[in-house]
Amino acid sequence: MTQKILIVADPLESFKIYKDTTFAMMRELQRRGYALATCEPEQMQWHSGQPVTALARHVTLTGDAHAWFKTTAEVRDPLHSFDAVLMRKDPPFDSEFFYATHLLEQAEREGARVFNHPRALRDHPEKLALMEFARFAPPTLVTRLPAAIRAFHAEHKDIILKPLDGMGGMGIFRVGPDGMNLGSIIETLNQGGSTSVMVQRYLPQIVEGDKRLLIIGGEAAPFCLARIPQGSEIRGNLAAGGKGVAKPLSESDWAIARAIGPQLAARGLLLVGLDVIGDKVTEINVTSPTCFQEIQQQTGFDVPAMFVDALEKALG
């Protein structure tokens, strides 16, 4: 019997398939004979006395660069009727994402196999998961207090400020020794003390790239993608115009991956993206880590195959 995979993601129409990691996963899954279905988080529901279901869009990939998928059916299916459910919804990690993890966890109780595990997603929000591994991180502050941010700047002189729920480099600011615009940036991010902010010491190694290390099934892919800021930009994120250059992992990259990867895998995090600048981890991404295609295109290393191998191993 053909195995079925449900992928919870953003609308298929929004995919940029030349670089999208979820698309790369789908392509490898279909190549191996899996039947594919997708849904958006809002299409999941639970009704008392019934299992968690999703309005599942059953699709096949066409190989065409434009009309890249064909919908063969749209059916409300129980999540536990699929052999695996992949949670690939992009951040922000907002209330609706949080609620979706609870629906997925209920589906797990009903027999669904969900990756990454819903509780692990909740327990490892993108920015805050770093606290557990502070020995690998640069000096970092998480606070709602403007005075604490000012004191951190006074100590470290050159700092990066970012919101806890951003993605793709959104809302990231650098403030140098002159403190230019610090007050305005605090007001923008902190919103009068109502919103927590992450502050980190600026790492000059960013000029060599913000490296995305992929941890799959607890093991590191042998290449990372260094996202290098362009022009006067401080952000290396591809969404912010950074240039992606695939590189072999350095000795310090391997050491970080071996220390963190197995711990996170044991908690049900099949796929993790570690963001590393120099030899410091700045973020731990667990919702929908990317960069599969860029690494494969530049190095030939088949990251999607490594992922599906790990998925199959997890499914037993």
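The values are calculated or read from the model by the stated rules, or taken from the named source; none is laboratory data. The model shown is predicted, which means the values in this text are computed figures rather than measured ones. Don't worry about glycine lacking a Cβ; one is built from the backbone with ideal geometry, like all the others, and counts go over all protein chains shown. Remember, those area values only see protein heavy atoms, side chains included, never the ligands or the DNA or RNA. Shrake-Rupley method; radii C 1.70, N 1.55, O 1.52, S 1.80 Å.
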Query - In degrees, nearest ten, helix 303-315 long axis to first principal axis of the chain (Cα) - result: 60 degrees
Query raised in the report: How much net charge surrounds K280 when only other residues with a Cβ under 13 Å from its Cβ are counted (Lys, Arg +1; Asp, Glu -1)?
Result: -3
Query raised in the report: Which pairs break 18 Å Cα to Cα here: K127/K313; K16/K313; K4/K70; K16/K162; K19/K89; K127/K280?
Result: K127/K313; K16/K313; K16/K162
Query raised in the report: At q = 0.09, 0.17 Å⁻¹, what base-10 log of I(q)/I(0) does the Debye formula yield for segment 1-130 when every alpha carbon is treated as an equal point scatterer in vacuo?
Result: -0.25, -0.89
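Take the Cα radius of gyration of segment 29-69 and divide it by 2.2 N^0.38 Å, with N its residue count; two decimals is plenty.
Numbers: Rg = 13.7 Å, N = 41, 2.2 N^0.38 = 9.0 Å.
Cα-based Rg divided by the globular estimate yields 1.52.
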Query raised in the report: Can you give the angle from 0 to 90° between the axis of helix 251-266 and the longest principal axis of the chain, with both taken from C-alpha atoms, to the nearest 10?
Result: 50 degrees
Query raised in the report: Cα centroids of segment 5-34 and segment 197-270: how far apart, whole angstrom?
Result: 22 Å
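Cβ under 14 Å from D309's Cβ, D309 left aside: what net charge do those residues give with Lys, Arg +1 and Asp, Glu -1? Walk me through the numbers on the way to the answer.
Details: positive: R31, R32, K313; negative: E28, E219, D302, E312.
Around D309, the surrounding residues sum to -1.
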Query raised in the report: Given the convex hull over the Cα atoms of segment 85-124, what projected area results after averaging over all orientations, in nm²?
Result: 2.5 nm²
Query raised in the report: Hey, in the GNM for the chain with a 10 angstrom Cα cutoff, which one of A54, A226, A148 fluctuates hardest?
Result: A148
Query raised in the report: So how long is each side of segment 69-108 along the principal axes, counting just the alpha-carbon atoms, biggest first, in Å?
Result: 32, 24, 15
Report task. Please give the solvent-accessible surface of I185 in Å², to the nearest 10, using a probe radius of 1.4 Å with every protein chain present. Result -> 10 Å²
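Whole-Å semi-axes of the chain's equivalent ellipsoid, largest first, each the root of 5 times a Cα gyration tensor eigenvalue? Let's see the in-between values first.
Details: eigenvalues 240, 99, 63 Å².
Gyration-tensor ellipsoid for the chain: 35, 22, 18 Å.
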Report task. Compare F69, F23, F173 in a GNM of the chain, Cα atoms joined below 10 Å, and give the one with the largest fluctuation. Result -> F69
Query raised in the report: Once both axes come from the Cα atoms, what is the angle between helix 21-31 and the longest principal axis of the chain, in degrees from 0 to 90, rounded to 10?
Result: 30 degrees
Report summary line: Candidates E219, E42, E105; GNM for the chain (alpha-carbon contacts under 10 Å) flags as most fluctuating E42
